[in-house]
């Protein structure tokens with residue numbers, strides 16, 4: 001989905017303008033705490049909040065001085081082709097200034113804002129100012145084919161070369177007439193002629209496909225591209241790849257949509273069966289198998305709309321079919337539903353600075369959020385206005401099943417976890433539910449067909465280690481002391497192995513209200529293999545305002561001072577404490593001192609860097 005902008009209100013003097021702009025854009029207002037009176041969400045620090053939104057790919061409209069937004073996003077600027085629009089608006093709405101992403105929507109945003117406030121859009125990009133358009137940003141429903149030099153073509157137009165347009169595109173009508181060496185533009189569904197500088201294609205074509213389960217992606221792609229070529233159509237005129245919903249997870253179908261860089265749109269059998277009177281090749285065999293008389297032709301027609309025509313009836317290979325339909329006008333929104341996506345997102349210990357840009361982007365893009373209420377609250381304004389389904393501790397299976405089923409209906413769902421999604425969090429349970437199948441304890445077939453993305457986060461053990469130095473500098477392990485899901489004897493066996501192996505150990509779920517004995521048992525097992533003065537860190541509520549770090553030794557570790565929000569990090573026999581002006585710091589040496597004494601070189605096994613760039 002396209003991410004809706006967020007309007008920032010930084011002061012009461014601009015608050016009314018912010019709400020007027022938000023109403024025009026269908027956006028939310030986020031207000032500065034203590035300086036605005038009403039908003040959909042509040043934030044304490046304008047620079048941090050604007051930066052978080054920008055990093056998540058959210059277009060930012062700030063009713064504030066331009067310099068505030070510039071200072072906020074400047075550290076993140078890297079690729080103008082991927083950065084979201086940023087627009088500043090004066091408090092009175094008189095001026096809207098597109099600061100970044102002019103050709104990625106900022107200019108259009110500024111113009112919409114100016115229309116709503118009666119102000120002026122201070123657009124400064126040369127093409128928009130001189131020609132009223134940007135050659136690299138065609139209007140919705142049109143697509144610029146790759147390979148052209150839009151920047152060079154614009155420079156030539158501004159220098160007086162003029163344009164020669166082959167085809168019909170009303171939005172190009174205002175270009176200056178051709179000179180002796182004009183910029184040659186193509187506008188149409190067919191391939192561009194040789195010598196064309198830029199080719200624009202109206203997205204009027206829908207590509208319906210079907211295939212046998214496990215079809216080779218190359219077979220379907222070759223069939224689709226050949227069918228387009230025989231119909232005299234450019235692949236860049238395709239608005240969507242379309243199919244039966246049973247093909248949502250078919251690798252060949254998804255690969256084709258990615259190759260053409262268009263959305264996949266899916267229809268159930270009833271929606272495709274409604275297209276039967278329009279089919280050129282209805283099939284009783286297909287109806288017996290999937291409940292509709294055609295897939296490729298029906299999907300193409302359903303996506304192109306009631307006024308569309310079938311322009312390439314079904315063609316097939318041994319394992320694939322495809323057909324083409326054409327709408328009378330460019331499609332800016334294609335009917336049908338998306339495949340559905342579940343993003344299992346690790347947000348780190350809580351603070352936004354420890355949340356990855358990928359995680360923030362997936363949350364910003366999601367249609368709805370699922371998770372434990374505390375974790376959703378930690379998202380702050382990033383989650384404002386999104387539908388959310390909260391589940392208590394102990395409701396993990398219901399939480400994951402709900403998220404999968406909602407995604408199975410075609411939604412983009414974010415399942416929010418603290419720390420890293422794959423470390424004692426929900427990613428493993430999501431895959432377990434999918435693996436169980438559609439029987440008891442599993443999920444529906446539709447849920448099993450969704451796209452699942454796992455976004456990593458900073459784990460509690462990483463955050464705790466970073467706070468106190470480098471205790472994970474050598475081999476370490478993590479053990480959960482919860483026996484709700486793991487038999488107690490298995491936990492004890494792992495504790496003995498970790499103690500004998502002299503690993504640094506991070507204890508997750510060390511205690512609960514009713515479970516108090518395993519941490520004491522762990523301490524005694526470790527004491528049998530490492531000194532009583534071994535450093536221990538108790539890290540509580542990491543990354544949150546109530547964060548607390550307590551230093552203990554293995555001998556003085558007391559179960560009563562540990563709660564459910566505590567990570568217990570126990571050093572190995574080699575872990576050392578260093579006194580500093582900022583308090584004690586822990587580290588676990590790798591053996592560099594011994595290497596220096598023996599004169600070992602930096603060859604294999606001697607401290608060189610591995611393929612991941614980590615010092616080994």
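The values are calculated or read from the model by the stated rules, or taken from the named source; none is laboratory data. No experiment lies behind these values; they were computed from the predicted model shown. Reconstructed Cβ throughout: ideal geometry from the backbone, glycine too, with neighbour counts over all protein chains shown.
Residue under question is residue 115, and the condition is that it be outside any loop (DSSP other than H, G, I, E, B) and touching a residue at least 12 places away in the same chain (Cβ under 8 Å); does it hold?
On the way: outside any loop (DSSP other than H, G, I, E, B): yes; touching a residue at least 12 places away in the same chain (Cβ under 8 Å): yes.
When the stated conditions are applied, residue 115 passes them.
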First in the stretch 505-524 and in contact (Cβ under 8 Å) with a residue 60 or more places away in the chain, second anywhere and surrounded by fewer than 18 Cβ atoms within 10 Å (Cβ to Cβ) and part of a strand (DSSP E or B), Cβ under 9 Å, 6 or more apart: 505/477; 506/477
Would you call residue 369 touching a strand residue (DSSP E or B) at 6+ places or on another chain (Cβ under 9 Å), in a strand (DSSP E or B) and either surrounded by fewer than 24 Cβ atoms within 10 Å (Cβ to Cβ) or at positive phi (or both)? yes
Pair list, Cβ under 7 Å, 6 or more apart: the stretch 537-565 residue more than 13 Å from residue 468 (Cα to Cα) and not assigned by TED's automatic domain parsing to the domain that holds residue 507, other residue at pLDDT below 90 and exposed (fewer than 13 other Cβ atoms within 10 Å of the Cβ): none
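How many residues does the stretch 504-521 hold that are under 36 Å from the mean Cα position of the chain (by Cα) and either on the phi > 0 side of the Ramachandran plot or surrounded by fewer than 21 Cβ atoms within 10 Å (Cβ to Cβ) (or both)?
Within the stretch 504-521, the subset under 36 Å from the mean Cα position of the chain (by Cα) is 504-512.
Imposing the further condition that a residue be either on the phi > 0 side of the Ramachandran plot or surrounded by fewer than 21 Cβ atoms within 10 Å (Cβ to Cβ) (or both) reduces the set to 508-509, 512.
Result for the stretch 504-521: 3.
For the condition at pLDDT 95 or above and either assigned to a loop (DSSP other than H, G, I, E, B) or within 21 Å of residue 305 (Cα to Cα) (or both), what is the one hit in 239, 229? Give the steps one after another, and end with the answer.
Working: 229 fails: either assigned to a loop (DSSP other than H, G, I, E, B) or within 21 Å of residue 305 (Cα to Cα) (or both).
When all the criteria are applied, what remains is 239.
For the stretch 1-14, which residues satisfy the criterion of being without any contact (Cβ under 8 Å) to a residue 40 or more places away in the chain and farther than 18 Å from residue 367 by Cα? Don't jump to the end; show me each part of the working.
Looking only at the stretch 1-14, we keep the residues that are without any contact (Cβ under 8 Å) to a residue 40 or more places away in the chain, and these are 2, 12.
Listed by number, the list holds a single entry, 12.
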Look at residue 401 and say whether it is more than 30 Å from residue 73 (Cβ to Cβ) and under 19 Å from the mean Cα position of the chain (by Cα). no
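State yes or no: is residue 466 closer than 24 Å to residue 351 by Cα and either out of contact with any strand residue (DSSP E or B) (no Cβ under 8 Å at 6 or more places or on another chain) or assigned by TED's automatic domain parsing to the domain that holds residue 587 (or both)? Full working, then the answer.
Values: closer than 24 Å to residue 351 by Cα: yes; either out of contact with any strand residue (DSSP E or B) (no Cβ under 8 Å at 6 or more places or on another chain) or assigned by TED's automatic domain parsing to the domain that holds residue 587 (or both): yes.
The answer is yes for residue 466.
The rows are residues; the columns are (1) crowded, with 22+ Cβ neighbours inside 10 Å; (2) in the same structural domain as residue 10 (by TED's automatic domain parsing); (3) over 26 Å from residue 380 (Cα atoms).
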position	(1), (2), (3)
41	no, yes, no
74	no, yes, no
106	yes, yes, no
109	yes, yes, no
137	no, no, yes
The number of residues in the stretch 40-62 that are under 20 Å from residue 19 (Cβ atoms) and free of Cβ contacts under 8 Å to residues at least 60 places away in the same chain is 6
Would you check which residues across the stretch 422-437 are in contact with a helix residue (DSSP H, G or I) (Cβ under 6 Å, 6 or more places away or on another chain) and touching a residue at least 40 places away in the same chain (Cβ under 8 Å) and list them? 426, 430
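Residue by residue through the stretch 70-93, note down the ones that are more than 23 Å from the chain's Cα centre (by Cα), outside any strand (DSSP E or B) and closer than 18 Å to residue 29 by Cα. Walk me through how you get there before you give the answer.
Filtering the stretch 70-93 for residues more than 23 Å from the chain's Cα centre (by Cα) gives 70-71, 88-93.
Add one more test, that the residue is outside any strand (DSSP E or B), and what stays is 70-71, 90-93.
Residues satisfying the conditions are 90, 91, 92, 93.
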Is at least one residue of the stretch 141-153 modelled with pLDDT under 85, closer than 17 Å to residue 184 by Cβ and part of a loop (DSSP other than H, G, I, E, B)? no
Any chance residue 331 is modelled with pLDDT of 95 or more, in the same structural domain as residue 230 (by TED's automatic domain parsing) and outside any strand (DSSP E or B): no
Failed item in (1) within 30 Å of residue 278 (Cβ to Cβ); (2) free of Cβ contacts under 8 Å to residues at least 24 places away in the same chain; (3) surrounded by 18 or more Cβ atoms within 10 Å (Cβ to Cβ), with residue 225 passing the rest: (3)
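Would you check which residues across the stretch 366-380 are under 17 Å from the mean Cα position of the chain (by Cα) and within 14 Å of residue 30 (Cα to Cα) and list them?
So in the stretch 366-380, the residues under 17 Å from the mean Cα position of the chain (by Cα) come out as 366-371, 376, 379.
Within the stretch 366-380, just 379 meets the criteria.
Can we say residue 295 is more than 19 Å from the chain's Cα centre (by Cα) and buried (at least 24 other Cβ atoms within 10 Å of the Cβ)? So that I can check it myself, show each step before the final result.
Numbers: more than 19 Å from the chain's Cα centre (by Cα): yes; buried (at least 24 other Cβ atoms within 10 Å of the Cβ): yes.
Taking the combined requirement at face value, the residue satisfies it.
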In this structure, does residue 157 turn out to be in contact (Cβ under 8 Å) with a residue 12 or more places away in the chain and in contact with a helix residue (DSSP H, G or I) (Cβ under 8 Å, 6 or more places away or on another chain)? yes
Would you pick out the residues in the stretch 228-261 that are surrounded by fewer than 23 Cβ atoms within 10 Å (Cβ to Cβ) and out of contact with any helix residue (DSSP H, G or I) (no Cβ under 8 Å at 6 or more places or on another chain)? 229, 230, 231, 232, 254, 257, 258, 261
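Find the helices (runs of 4 or more DSSP H) located wholly in the stretch 387-456 whose residues include 2 or more that are in contact with a strand residue (DSSP E or B) (Cβ under 6 Å, 6 or more places away or on another chain), and list them. Steps first, answer last, please.
On the way: elements: 396-408, 427-436, 445-448.
Because the criterion is at least 2 residues that are in contact with a strand residue (DSSP E or B) (Cβ under 6 Å, 6 or more places away or on another chain), the helices (runs of 4 or more DSSP H) in the stretch 387-456 that meet it are 396-408, 427-436.
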